[in-house]
Each structure stands twice: as C-alpha cells, then as structure tokens.
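Here the structure is laid out as structure tokens; the discussion comes afterwards.
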Amino acid sequence: MPFRILTVCTGNICRSPAMDLLLAHELRDDRRFAVSSAGTHAEVGWPVNPPMDRMLADRGIDVRNFAARQATRDILSSSELIVTATQQHRAWVTDEEPRSVRRAFTLTEFADAIEGAPAGLTAAELVAWAAAHRPALRVRSLGSPMRRGYDEGDILDPYGRGDAAYAGALAQIDPLVERVAAALRATAG
C-alpha cells in the first residue's frame with residue numbers, strides 16, 4: 001500500500017490542488033506514494049480554479065479529472081502525511097482529527113523541518129523526524145505586521161485576486177514541493 005499524502009486548503013480549488021498535482025507530478029515515477037487533496041470548506045465537485053488550472057496545464061499537468069472534496073475525519077486519519085497551505089488549516093486538521101498532530105504540517109513547515117534529516121529514513125520515519133524537529137512557529141501577535149491576516153510561511157490565498165496572485169501562490173508552492181519531493185524520493189523502502 002502506498003504512503004498516503006494529503007494536501008489541504010480551504011476550498012480545495014486553488015492551493016491544495018496545486019500542491020497535490022505538483023507533488024504527484026514530481027513523484028509520478030515512484031509508486032511508493034499516493035498524493036491527494038481536500039478542503040476544510042471544500043467547493044465539492046469543483047475543478048481547479050482558473051487561472052491555476054491554466055498555470056498547472058502550462059507545466060504539463062493534467063487537471064481535467066480533478067474534483068474538489070471535503071476533508072473528513074476518515075480522510076485525515078488515513079493520511080500518513082498532511083501538508084496544509086496555512087497554519088489555520090493545520091489547526092483545523094488537528095482539531096478535526098487530533099491524532100494527526102504529529103503528521104500534520106504547513107507545507108513551509110514540513111519543507112523546513114526536513115532540512116538536515118539523516119539519510120536512510122523511510123517516509124514514515126521522515127515524518128516522525130520532522131515532527132521532532134518542527135521549527136518554532138512565528139505566529140502573529142497583537143500589533144505585529146501581517147500580510148492580509150496570514151502567519152509567516154502561509155501560502156497566500158489567490159482566490160478571486162487575478163492572475164498575479166495565482167502566479168504568486170504558485171511561486172510560493174513550487175520550490176517547497178520540489179524540496180519535499182526530493183526528500184521523499186530519497187527515503188528508504
């Protein structure tokens with residue numbers, strides 16, 4: 001059975017499909033992994049939102065069969081690694097399925113946590129190592145500057161904000177996904 005990776009955002013039509021499809025594309029030749037996505041408040045059945053669909057298609061990623069789905073306790077509990085777009089999404093995941101706390105990370109947090117992980121770990125051991133070496137979160141405090149209500153490392157929500165916002169979100173996601181995919185490909189087993 002493959003190691004199950006879930007990506008999560010709000011509607012499951014912009015950020016989490018981008019994380020899902022890019023990571024699946026990076027891991028396409030490695031049958032040890034299965035990548036999917038879901039939303040905390042999904043637009044169930046919707047396709048990838050334009051222009052994200054076009055930007056992914058321009059990278060050779062087929063988005064035609066994508067349909068948004070709602071994150072459920074069953075989906076969360078069966079996922080061995082959960083990566084979210086924001087710290088708020090991670091908090092929602094761990095509230096919904098408390099046993100996921102050591103398997104749930106923001107995409108930025110997981111990519112940072114696996115830096116320096118020892119060689120030879122399995123995927124499950126890599127997740128456990130990342131949980132034990134989770135970087136300290138720098139969350140907003142009263143009076144601190146924020147980017148439209150986002151915490152440090154959050155992937156900005158491009159929904160309804162035009163092509164530049166979608167390109168910006170994809171520019172945040174892409175290098176993080178590449179780091180995660182490289183670490184997963186290097187795992188043992």
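The values are calculated or read from the model by the stated rules, or taken from the named source; none is laboratory data. For clarity, every value in this text was computed on a predicted model and none was experimentally measured. Here the Cβ is made from the backbone with ideal geometry for all residues, glycine too, and neighbour counts use every protein chain on show. Calculation scope for accessible area: heavy atoms of the full protein, side chains included, ligands and nucleic acids excluded. Shrake-Rupley method; radii C 1.70, N 1.55, O 1.52, S 1.80 Å.
Observations on the structure shown:
- Computed from backbone phi, the HN-Hα couplings of region 71-77 come to 5, 10, 4, 4, 5, 5, 6 Hz, rounded to whole numbers (Karplus: 6.51 cos²θ - 1.76 cosθ + 1.60, θ = phi - 60°; Gly and Pro given as x).
- Highest-fluctuation residue, Gly168, Gly153, Gly116 considered, GNM on the chain with Cα pairs under 10 Å: Gly116
- Calculated mean residue ellipticity, 222 nm, the chain: -11500 deg cm²/dmol, from DSSP H runs (n ≥ 4) at -39500 (n - 2.57) each, averaged per residue and rounded to 500.
- Mean Cβ neighbour count within 10 Å, used as a protection proxy, ranking 58-66, 25-33 highest first: 25-33, 58-66
- Amide H within-cut-off set for Thr7, under 5 Å, with H built and near neighbours excluded: Ser36, Ser37, Ala38, Val83
- Alpha carbon Rg of the chain, scaled by the compact-globule rule 2.2 N^0.38 Å: 0.96
- Of the residues Arg69, Arg179, Arg161, the one that moves most in a GNM of the chain with alpha-carbon contacts below 10 Å is Arg161.
- Exposure check, 1.4 Å probe, all protein chains in place: Ile75 carries approximately 30 Å² of accessible surface.
- Förster radius 22 Å - calculated FRET efficiency between Arg59 and Arg28 (Cβ-Cβ, nearest 0.05): 0.95
- Relative contact order (percent, whole number), the chain, Cα cutoff 8 Å, 6+ residue spacing: 23
- For the chain, carbon and sulfur atoms together expose 53% of the accessible surface, with a 1.4 angstrom probe and every protein chain in place.
- Per residue, the accessible area of region 1-140 comes to 47 Å² when a 1.4 Å probe rolls over the protein heavy atoms.
- Shape of region 1-94, Cα gyration tensor, a/c cut at 1.5: oblate
- The chain: DSSP helices with Cα axial extent of at least 15 Å and average Kyte-Doolittle hydropathy no lower than 0.5: 163-185
- Altogether, the Stokes-Einstein calculation at 25 °C and 0.890 mPa s, with the Kirkwood radius of region 67-132 over Cα pairs as Rh, returns a diffusion coefficient of 199 µm²/s.
- Derived scalar couplings ³J(HN,Hα) [region 98-111; Karplus, 6.51 cos²θ - 1.76 cosθ + 1.60; whole Hz; x for Gly, Pro]: x, 5, 8, 4, 8, 10, 10, 9, 6, 4, 4, 4, 5, 4
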